[in-house]
Amino acid sequence: MKFKLIGVIIISMLFFTGCTEKKEKLAIVSSNKVTVDNNIVFFVNIEQTKYKKPLTPDDDGFDMYKSRFYGQFALVSRNVSGEEIDRIALNQFFENRDMGFIGEFKLGFQDMNADGDLDIGYEFEK
């Protein structure tokens, strides 16, 4: 009887808080291992923070670059244990509009402007 009552309470709480709706899993669009001075390792990810249904060719405003991941995203650094170190919301740089990505990709880290600091960009082969 005690377990039935607990079960009814939990189900009621889920129902009234809206948790009975199917929630979409937020994606990690890019995950990149970075090693810096003294062999300190961390990961820099592009993580989805708010899911929106990706556009299809029949939708107004369809763009193939918005066809796999769509919504809000952040650039997140994490230590090797997965704990968050820092977070930068990416949409703020695009008038807070929803963004999209065509698929997963790898970020590149190197000093691209010769100022002595690592820069982040899209990694491609020449």
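How many nm is it between the label spots at Ile88 and Asn39, if each spot is 7 Å from the Cα in line with the beta carbon?
So the two model labels end up 2.9 nm from each other.
So the label point goes 7 Å from the Cα of Arg68 along Cα→C-beta, right? Which residues of segment 84-118 then have their backbone N under 17 Å from it?
99-108
Readers should treat all values here as calculations from the given coordinates under stated rules, not as data from a laboratory. Not measured: the values here are computed from a predicted model. Neighbour counts run over all protein chains shown; Cβ positions are idealised from the backbone, glycine included.
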